[in-house]
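**Student:** Would you mind keeping the following structure in view while I ask a few things?
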Amino acid sequence: MVAFPTETVYGLGGVATSDAAVARIYAAKRRPAHNPLIVHVADLAGARALARFDERAHSAAEAFWPGPLTLVLPQAPGAPLSRLATAGLDTVAVRIPAHPVARALLAAVFLPVAAPSANPSGSVSPTTARHVAADLGDAVDLVLDGGACPVGVESTVLDLSGPEARLLRPGGLERAALERVLGPLAQSSDPAAPRSPGQLASHYAPRLPLRLDAIEAEPDEALLAFGPDAPADGVLVRNLSPAGDPDEAARNLFAMLRELDVSGAARIAVMPIPAEGLGEAVRDRLRRAAAPRAGRSR
Ligand code: AMP
Ligand code: MG
């Protein structure tokens, strides 16, 4: 089990054909067994051994791989995948990541690598090797340190297993880019019946409660700021993007949430982020981080 950088966040990788390797990933993350993993491959030939590609899937792969896009596709007949990795579904989530360290790892392993984010299930994803070591400690054998992740939020998950292209999770590839290639996307957002367990309401959550769309911080709050009109950074203030760039906010989001989580404040107030570019993914993560935490014990 090896943690490695991708352009989105750090992943916790194990060989996707091995039940034993995949079981260790679920155990280390304390991830529910019904939440399937993304399977990473080095190239299109590797992806085609696992999944059936129709014309839409080919267009998306051609346009955006390697990159921060995960495609949910029907499994190819005889795909050599541990059933644990796909949680017993007849679909598989596949991705060719772009990060040079991820690509070197996948080329060397020469097998599909199942890799969810390298953090305990439900908590904030790691964007540095230090985050991974702090979160998982001895549960992970090795962390490949590739520096800070350049995108900073998880991959966009697009379901192409049914008749309509459906966005299961906004992420590191902005919706507008996808829609230029595939046309308008359906949104699957019924929280009562998530098609993708990443849609569970509470997820990506820091320890402290969040208050969204704040104008300024109350005395007991830390401030996750955005834009040029915010107070300067200090112990209790981090600015996601002083220039007001939602993509920069994505890059900084998880590291800054982690810093404010241990700032000593009682709560984190978050200024509004526009939905353009990666802002849709940032807002999605913040909404889930602020959601009521049924079943979470911290
Ligand atoms: P992560 O832990 O960030 O790697 O999240 C992977 C995301 O992909 C989760 O939201 C999973 O529920 C989702 N996912 C993986 N496989 C499938 C699948 N076969 N169908 C739908 N969603 C999937
Ligand atoms: Mg995750």
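What follows is calculated from the coordinates using simple rules that are stated; it is not laboratory data. Model, not experiment: these values are computed from the prediction. As a convention, Cβ positions derive from the backbone with ideal geometry for all residues, glycine included, and neighbour counts pool all protein chains shown.
**Student:** Divide, for region 210-290, the radius of gyration over alpha carbons by 2.2 N^0.38 Å, where N is the residue count.
**Tutor:** So the Cα radius of gyration is 0.95 times the expected 2.2 N^0.38 Å.
**Student:** Also, I was wondering about something else. Explain nothing, just compute: Karplus ³J(HN,Hα) = 6.51 cos²θ - 1.76 cosθ + 1.60, θ = phi - 60°, for every residue of region 160-172 in order, whole Hz, x for Gly and Pro.
**Tutor:** With the stated coefficients, region 160-172 comes to 10, 8, x, x, 10, 5, 10, 7, 8, 8, x, x, x Hz.
**Student:** Return the calculated 222 nm mean residue ellipticity for the chain, to the nearest 500 deg cm²/dmol, obtained by summing -39500 (n - 2.57) across DSSP H runs with n ≥ 4 and dividing by the residue count.
**Tutor:** The helix-only estimate for the chain comes to -8000 deg cm²/dmol at 222 nm.
**Student:** Just for region 210-290, what percent of DSSP beta bridges are antiparallel, to the closest 5?
**Tutor:** Counting DSSP beta bridges with both partners in region 210-290, the antiparallel share is about 10 percent.
**Student:** Taking amide H positions as placed 1.01 Å from N in the peptide plane, with prolines and chain starts having none, which residues 5 or more places from ARG267, or on another chain, fall under 5 Å of its amide H?
**Tutor:** It is ALA222, by chain and number.
**Student:** Have a look at the DSSP beta bridges in the chain and tell me what percent are antiparallel, nearest 5.
**Tutor:** About 45 percent, rounded to the nearest 5.
**Student:** Give a residue-ordered list of calculated ³J(HN,Hα) values for region 108-124 (Karplus: 6.51 cos²θ - 1.76 cosθ + 1.60, θ = phi - 60°; whole Hz; x for Gly, Pro).
**Tutor:** 6, 6, 6, 9, x, 10, 6, 8, x, 4, 8, 9, x, 3, x, 9, 6
**Student:** Which whole-Hz couplings ³J(HN,Hα) result when phi for each residue of region 90-101 is put into the Karplus expression 6.51 cos²θ - 1.76 cosθ + 1.60, θ = phi - 60°, listed in order with x for Gly and Pro?
**Tutor:** Running phi through 6.51 cos²θ - 1.76 cosθ + 1.60 with θ = phi - 60° gives 9, 10, 9, 9, 10, 8, 9, x, 9, 4, x, 5 Hz.
**Student:** Next up: For the chain, take the convex hull of the Cα atoms, compute a quarter of its surface area, and give me that in nm², please.
**Tutor:** Over all viewing directions, the chain projects a mean Cα-hull area of 14.5 nm².
**Student:** Follow-up. Kindly rank 278-288, 237-247 from highest to lowest mean number of other beta carbons found within 10 Å of each residue.
**Tutor:** Per-residue mean Cβ counts within 10 Å order the peptides as 278-288, 237-247.
**Student:** May I pose another question? Give the long-range amide H neighbours of GLY13: residues separated by 5 or more places, or on another chain, with amide H under 5 Å away, using H modelled in the peptide plane at 1.01 Å from N.
**Tutor:** It is VAL2, ALA3, PHE4, by chain and number.
**Student:** Note down the relative contact order for the chain as a percent, whole number, built from C-alpha pairs under 8 angstrom at least six residues apart.
**Tutor:** This gives 20 percent for the chain.
**Student:** What is the Cα centroid distance between region 126-180 and region 232-292, reported in whole angstrom?
**Tutor:** What the calculation gives is 17 Å, centre to centre.
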